[in-house]
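J.: Below are the structure tokens for one structure; questions will follow.
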Amino acid sequence: MTAAHKTRTAGTGPAAPPDTLRTVCHTTFAWVIVFTAFHLYWYLGGTFGFGDASATVPQTKTVGDWVSAAVISVMFLAGAFVPFALHRSWGRTLPRWVLHCCTWTGAILLIMRGTAGVLDSVVRHTGLLENGLTGLSEEQISGDTDPTGYTEWSTTATDLYFVTGGLLFTIAALRHRRSPTTTTTRHRPPHRGPVRRLRRA
């Protein structure tokens, strides 16, 4: 008579996020916090980092203005939510395609916004296009026909900050795409010791 070995089935569970993904997500979240803090500061009347502009909050007069403000508010919330969802355990219960869609959308919008601003400044200062890519004069944009260096540097810094955020969201999306979804744990069969055979006398 021989002893039968019982085999346990392999188990699966959520995979722990790689350290690189966790680091990128933390950095991206820090970027969102600074971004949100500055906008809150400007909303309360602060002007630092906004150049010499006297008004830092766009007026909401029409329905379109209110809709735009609501969409931007939702994007702020999504921007803070997504970096955590990419590497937290509860985030792995969400469909990956939803997280990828949100992350890539944020990355593309931020890079487009920042790059457009940088290119607009370049074509203005080089004389290629007097009114830049937008077709708006300096007075229409900053309220001054001859903006100071402080205003120009503030505008450039803001544009580059958008680009930086877009790159961070891009890296986070790529790292999350390469991260494993589950881990498989294989269990060895229990050790029963040497098998003894009984001989009949």
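J.: Is it fair to say Pro180 is more than 18 Å from Asp52 (Cβ to Cβ), in a loop (DSSP other than H, G, I, E, B) and either aromatic (Phe, Trp, Tyr) or at pLDDT below 85 (or both)?
T.: Yes.
J.: Filter the range 47-64 down to residues that are surrounded by fewer than 10 Cβ atoms within 10 Å (Cβ to Cβ), more than 29 Å from the chain's Cα centre (by Cα) and either closer than 24 Å to Ala157 by Cα or at pLDDT below 75 (or both), then give me how many there are.
T.: 2
J.: Here is a list of conditions, (1) within 15 Å of the chain's Cα centre (by Cα); (2) farther than 16 Å from Phe29 by Cα, and Gly91 meets all of them except one; can you say which number that is?
T.: (2)
Residues are listed down the side, and each one gets a yes or a no for (1) modelled with pLDDT under 80; (2) surrounded by 16 or more Cβ atoms within 10 Å (Cβ to Cβ); (3) touching a His at 6+ places or on another chain (Cβ under 6 Å):
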| position | (1), (2), (3) |
| --- | --- |
| Glu139 | yes, no, no |
| Trp153 | no, no, no |
| Ala157 | no, no, no |
| Ile171 | no, yes, no |
| Leu198 | yes, no, no |
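J.: Only residues that are farther than 13 Å from Leu167 by Cβ and touching a residue at least 60 places away in the same chain (Cβ under 8 Å): list them for the range 94-124, please.
T.: Scanning the range 94-124 gives Arg96, Leu99, His100.
J.: Out of Ala53, Ala30, Ala80, which single residue is part of a helix (DSSP H, G or I), of a type in the set (A, V, I, L, M) and either in contact (Cβ under 8 Å) with a residue 40 or more places away in the chain or over 17 Å from Tyr161 (Cα atoms) (or both)?
T.: On the way: Ala53 fails: part of a helix (DSSP H, G or I); Ala30 fails: either in contact (Cβ under 8 Å) with a residue 40 or more places away in the chain or over 17 Å from Tyr161 (Cα atoms) (or both).
The unique qualifying residue is Ala80.
J.: Just one of the numbered conditions (1) modelled with pLDDT of 85 or more; (2) surrounded by 15 or more Cβ atoms within 10 Å (Cβ to Cβ); (3) more than 10 Å from the chain's Cα centre (by Cα); (4) over 23 Å from Gly132 (Cβ atoms) is not true of Ser121; which one?
T.: Among (1) modelled with pLDDT of 85 or more; (2) surrounded by 15 or more Cβ atoms within 10 Å (Cβ to Cβ); (3) more than 10 Å from the chain's Cα centre (by Cα); (4) over 23 Å from Gly132 (Cβ atoms), Ser121 violates only (4).
J.: Can you tell me which residues in the range 124-137 are within 31 Å of the chain's Cα centre (by Cα) and surrounded by fewer than 16 Cβ atoms within 10 Å (Cβ to Cβ)?
T.: Matches in the range 124-137: Leu133, Thr134, Gly135, Leu136.
The values are calculated or read from the model by the stated rules, or taken from the named source; none is laboratory data. The shown structure was predicted, so the numbers you read here are calculated from the model rather than taken from an experiment. Counting neighbours? That spans all protein chains shown, and the Cβs are built from the backbone with ideal geometry, glycine included.
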